[in-house]
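Have a look at the structure below, then the notes.
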Amino acid sequence: ALLLLPCDAALVDLAPSPLRGLRESSRAKVLSSVPAPSGGGRRSPPAAFLNSAVVAAEAGEHLFESTKDFLIGAVSGGIASFSVFPIDMAKTRLQDQKIVEGAAVVYKNAVQTIGRVFKDEGILACYSGVLPVVIGSAPEAALQLGGNNAGRNYFAEKLQCDPHHLPLWAEVVAGSLGGVMQVFATQPMERVKVLQQVLGAEAGSTLSIVKQLGVPGLYQGWTACALRDIPFSAIYFTSYARAKKALLEMRAKREGKKGLAEENLVDSMLAGLVAGVPGAGLTVPLDVIKTRMQSCGVGGKVCEISSLGIRETAKALYAEGGFRAFWKGAGPRVGRVGPQLAICLCIFEALKKMFPDQRLVKKAAKGKGGKGKGKK
């Protein structure tokens, strides 16, 4: 029933849906490839053959564009994750640190943590755990960005409106889809990364951790990871789309144009930074729980919470420092996520412009051709 709801009347664009007419264009391709009868006359391929060929052509185009989106997301995510990794290391150490009354606090804030780790353990320790992140961030970003992008395109086609003008509920669902998909890649990567960030050299190499934990151990804390990533993606991508649309409208108004101005990387960067604040900030408690559930079980660090459940971990955190314990590392989390995803989305948007969806290009060219004929 939700799919039948119309788009917000104030946001509806007169332009056709980006993917509307794809079946007609595929049908035309197939017709042109069917040879004419030997005696001349009109082409008349069997209906069953025509329908099968149309479906095959559409499936081929869809597979090609989906693979391209995956690779673009992979490159974007890898570069963005590496660029802000020391901040993530500081956040993890702050969250894993247990505050004991009367004892000196080792890590106080992100800057002090990075400085202390650099001084005591060396520059490489600031990047301890970067390998699983670089490896895992590729499929993670590809699934997250690709899932959101696929959801937005799906709703745009079903609701017959521009992807920029989706209703709020559709943007939230599309963002949540990106979060659901990314968990499959995020969880094992986060597990190994957290162990290496907390234990440093004691944790061992990525391969040794994987061998020691096995598949069940790699997915320890996956429920907290899912509860963090799904609402985060829903909040982040919805905020990002709304912030970018507002920026494009403001620039179009300044330039005296109607509708939206042409997108550029500055808009993507600003929108990404703005969206990172609510997305990362509101999910800090779940991130702290996830870190605690994932930072044990290797080397000499035994898991103290036998059942390793969310409720037990939350109780242990509350016993340590009350509600404040759930907000440890909030500063570096917000300070990392915003810039990281802003960089990731900028690279993603730039690469999408360099390698556009050919289905949309063909549709736009067909639309322009139709308008030209109408004027004549």
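The values are calculated or read from the model by the stated rules, or taken from the named source; none is laboratory data. In this text, all values refer to a predicted model and were calculated from it rather than measured experimentally. Virtual Cβ from ideal backbone geometry, glycine too; neighbours counted across all protein chains shown. Surface accessibility is based on the protein's heavy atoms, side chains included, excluding ligands, DNA and RNA. Shrake-Rupley method; radii C 1.70, N 1.55, O 1.52, S 1.80 Å.
Looking only at region 161-182, residues that are modelled with pLDDT of 90 or more and either touching an Asp or Glu at 6+ places or on another chain (Cβ under 6 Å) or not hydrophobic (A, V, I, L, M, F, W, C) (or both) come to 6 in all. Within the set G367, G299, G372, G329, the sole residue that is modelled with pLDDT of 65 or more and out of contact with any Pro (no Cβ under 9 Å at 6 or more places or on another chain) turns out to be G329. A single member of R242, R228, R292, R251 is open to solvent by 10 Å² or more (accessible area, probe 1.4 Å), among the basic types (K, R) and over 26 Å from N153 (Cα atoms), and it is R292.
Among the conditions (1) modelled with pLDDT under 75; (2) touching a Lys or Arg at 6+ places or on another chain (Cβ under 9 Å); (3) open to solvent by less than 80 Å² (accessible area, probe 1.4 Å), the only one that L4 does not satisfy is (3). Within region 113-141, the set of residues being β-branched (V, I, T), within 15 Å of G200 (Cβ to Cβ) and either buried (at least 17 other Cβ atoms within 10 Å of the Cβ) or under 17 Å from the mean Cα position of the chain (by Cα) (or both) comprises T113, I114, V117, V130.
The set of residues in region 327-347 being assigned to a helix (DSSP H, G or I) and open to solvent by 20 Å² or more (accessible area, probe 1.4 Å) consists of W327, A330, G331, V334, G335, R336, P339, Q340, I343, I347.
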